[in-house]
Amino acid sequence: ETTLVVLQSPANLGEIVRHANQLSDNLVSDMLLKNLGARIEGEGSFRAGCRAVRRALRELSVDDSGYQGDDGSGLSRTSKISAFTTISLLAAMDRTQWAGIFRASLAGGGEPIGTLRNRFREMGFAGRVRAKTGSLDGVSALSGYLTLLSGESIAFSCISNYDERRGGGFKADED
């Protein structure tokens, strides 16, 4: 005889992407890329996922020359994306039917959950910044949207290299 202990509905894609983006969950990001590869390219691998990303960039009319993907998390030293490509992608995403879901997936400045919970709480920025953080040794990134006081929204991307031997990164400058 089998006893049901837990029954849980699977999360929808928007919830999974929100979890990956807001908490910077690298494993989930890697699995999302492999799943994308399986669905679009017929192969659940990093390579196929990166081909699917490149295809999506082109379909969104984003110049893909600033993208070199090797994983979903960005932890590979060979994965690269330029600030220009990132801003172009953010702007393009804002024109899609998924714009609201995508924006909501990004961490919110000063919100209690996410990688920006301790950032953008002062100077009136709380609730006006939605962004994705990223970091490796010697690299710090912050990309997303800022809602201006006028209500207009702008896309931004700050990707900085720094020498750790000379002190902290660029988080204060990014903020």
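The values are calculated or read from the model by the stated rules, or taken from the named source; none is laboratory data. Bear in mind that the values here come from a model prediction, so they are computed numbers and not experimental data. Here the Cβ is made from the backbone with ideal geometry for all residues, glycine too, and neighbour counts use every protein chain on show. What goes into the accessible areas is simple: the full protein's heavy atoms, side chains included, and nothing from ligands, DNA or RNA. Shrake-Rupley method; radii C 1.70, N 1.55, O 1.52, S 1.80 Å.
Things worth noting here:
- Matching residues, the range 88-105, being surrounded by fewer than 17 Cβ atoms within 10 Å (Cβ to Cβ) and under 19 Å from ILE159 (Cβ atoms): ALA91
- Residue under evaluation ILE101, criteria (1) closer than 24 Å to VAL28 by Cα; (2) more than 14 Å from the chain's Cα centre (by Cα), criterion not met: (2)
- Within the range 3-18, being surrounded by fewer than 17 Cβ atoms within 10 Å (Cβ to Cβ) and in a helix (DSSP H, G or I) holds for LEU13, GLY14, GLU15.
- Number of the condition not met by GLY134 [criteria: (1) within 26 Å of GLY66 (Cβ to Cβ); (2) touching a Leu at 6+ places or on another chain (Cβ under 9 Å); (3) at pLDDT below 90]: (3)
- Search result, residues across the range 21-30 that are part of a helix (DSSP H, G or I), open to solvent by less than 40 Å² (accessible area, probe 1.4 Å) and in contact (Cβ under 8 Å) with a residue 24 or more places away in the chain: ASN21, GLN22, SER29, ASP30
- Any hit, the range 135-149, residues being among the β-branched types (Val, Ile, Thr) and either under 21 Å from SER82 (Cβ atoms) or open to solvent by less than 30 Å² (accessible area, probe 1.4 Å) (or both): yes
Let's see how each residue does on (1) farther than 17 Å from ARG18 by Cα; (2) open to solvent by 50 Å² or more (accessible area, probe 1.4 Å); (3) at pLDDT 90 or above:
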residue: LEU60; (1), (2), (3): yes, no, yes
residue: THR85; (1), (2), (3): yes, no, yes
residue: ALA107; (1), (2), (3): no, no, yes
residue: GLY114; (1), (2), (3): no, no, yes
residue: ARG121; (1), (2), (3): yes, yes, no
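- ALA99 meets the conditions (1) among the hydrophobic types (A, V, I, L, M, F, W, C); (2) within 22 Å of ILE113 (Cα to Cα); (3) in contact with a Phe, Trp or Tyr (Cβ under 8 Å, 6 or more places away or on another chain) in every case but one. The failed one is (3).
- Per-region count, the range 150-167, residues open to solvent by 50 Å² or more (accessible area, probe 1.4 Å), at pLDDT below 95 and under 18 Å from the mean Cα position of the chain (by Cα): 1
- The range 52-86: number of residues that are more than 17 Å from the chain's Cα centre (by Cα) and either under 23 Å from GLN97 (Cβ atoms) or of a type in the set (A, V, I, L, M, F, W, C) (or both): 5
- Scanning the range 71-82 for residues that are in contact with a helix residue (DSSP H, G or I) (Cβ under 8 Å, 6 or more places away or on another chain) and either open to solvent by less than 60 Å² (accessible area, probe 1.4 Å) or among the hydroxyl-bearing types (Ser, Thr, Tyr) (or both) yields a total of 5.
- Where a residue in the range 105-134 is farther than 23 Å from SER73 by Cα and its partner, wherever it lies, is outside any loop (DSSP other than H, G, I, E, B), with Cβ under 7 Å and at least six apart: PHE120/VAL129; GLY127/GLY108; ARG128/LEU146; ARG128/THR147
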